[in-house]
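Engineer: Have a look at this one.
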Amino acid sequence: MLGAGLFPLVVAGCGAGGSEPASITGDQELLQEHGFADADAHEIIDRLEALPVAERPQDLIASVTATSLQLQDDAGREAELPLPEDQFYLSVAPFVETTHECAFHSLTTCRGELRSRELTVSVVDSSSGEVLEEGTRTTHDNGFVGFWLPRGITAELTCALEDVTGTASISTQAEDDLTCLTSLQLT
């Protein structure tokens, strides 16, 4: 996990969907060398999460906090990109037998048990009852499935695989809310 406030250089960049300018801090060369020069945090997260594990950069650590994407390479260069103000990224690794503890998702190093598995998922807003996500999703090669959720909510997440199901309460309200949920056991 990278610390906040470590980046002295501030440059202007594009926000999610080009709607608002985002403040990118850190080493622009790091972003360019990994093909992220014109990408925002949302795009980088989606691209890294979708890569097969064998193709993920070995020299890059990419961590997602509740408010930003933090990148660091083997040379010690760092960059931080803000997440969209109205969106929260939660990566979930449902499991049957084995898991690991995690709070902030690492796009390049976290691994879950259920790789490339089709799940039935639902995310329901606890206050309004609105269904935010529902349907079939396939976990990525790293065993995680990612959700872009509205900020400021609590919700019930349910995942099912064949004849096993698990449910967890999730929150997108605080800066220390989990972005990596590895405690959702399917029983």
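Engineer: From the Cα gyration tensor of segment 47-129, with a ≥ b ≥ c the square roots of its eigenvalues, which class applies: rounded if a/c is under 1.5, or else prolate if a/b is larger than b/c, or else oblate?
Structural biologist: Verdict is oblate for segment 47-129.
Engineer: Express the accessible area of segment 107-157 per residue in Å², computed with a 1.4 Å probe while the remaining protein chains stay in the model.
Structural biologist: For segment 107-157, the solvent-accessible area averages 45 Å² per residue.
Engineer: Within the set of other residues whose C-beta is less than 12 Å from the C-beta of GLU29, count the net charge using Lys and Arg as +1 and Asp and Glu as -1.
Structural biologist: Charge balance in the 12 Å sphere: -3.
Engineer: Probe radius 1.4 Å, ligands and nucleic acids ignored: give me the carbon and sulfur share of the accessible area of segment 125-187 as a rounded percent.
Structural biologist: Answer for segment 125-187 is 42 percent, counting heavy atoms of protein chains only.
Engineer: Hey, can you find the accessible area per residue of segment 32-95 for me, probe 1.4 Å, expressed in square angstrom?
Structural biologist: Per residue, segment 32-95 has 40 Å² of solvent-accessible surface.
Engineer: Under 1.5 on a/c is rounded, so check that first for segment 47-187, then, if it is not, pick prolate when a/b is larger than b/c and oblate when it is not; a ≥ b ≥ c are the square roots of the alpha carbon gyration tensor eigenvalues.
Structural biologist: oblate
Engineer: On to the next question. Just how large is the dipole of the chain about the Cα centre, in debye to the nearest 20, putting +1 at every Lys and Arg Cβ and -1 at every Asp and Glu Cβ?
Structural biologist: About 240 debye.
Engineer: Okay, next question. Whole angstrom only: what separates the Cα centroid of segment 42-106 from the Cα centroid of segment 125-187?
Structural biologist: Cα centroid of segment 42-106 versus Cα centroid of segment 125-187: 16 Å apart.
Engineer: For segment 105-176, what does the alpha-carbon gyration tensor say about shape, rounded, prolate or oblate, given a ≥ b ≥ c as the root eigenvalues, a/c under 1.5 as rounded, and a/b over b/c as prolate?
Structural biologist: Oblate, because a/c is 1.5 or more while a/b does not exceed b/c.
The values are calculated or read from the model by the stated rules, or taken from the named source; none is laboratory data. Here the structure is a predicted model, which means the values were calculated and not measured. Every residue, glycine as well, gets a Cβ built from its backbone with ideal geometry; the counts of neighbours run over all protein chains shown. Heavy atoms of the whole protein, side chains included, go into the accessibility calculation; ligands, DNA and RNA do not. Shrake-Rupley method; radii C 1.70, N 1.55, O 1.52, S 1.80 Å.
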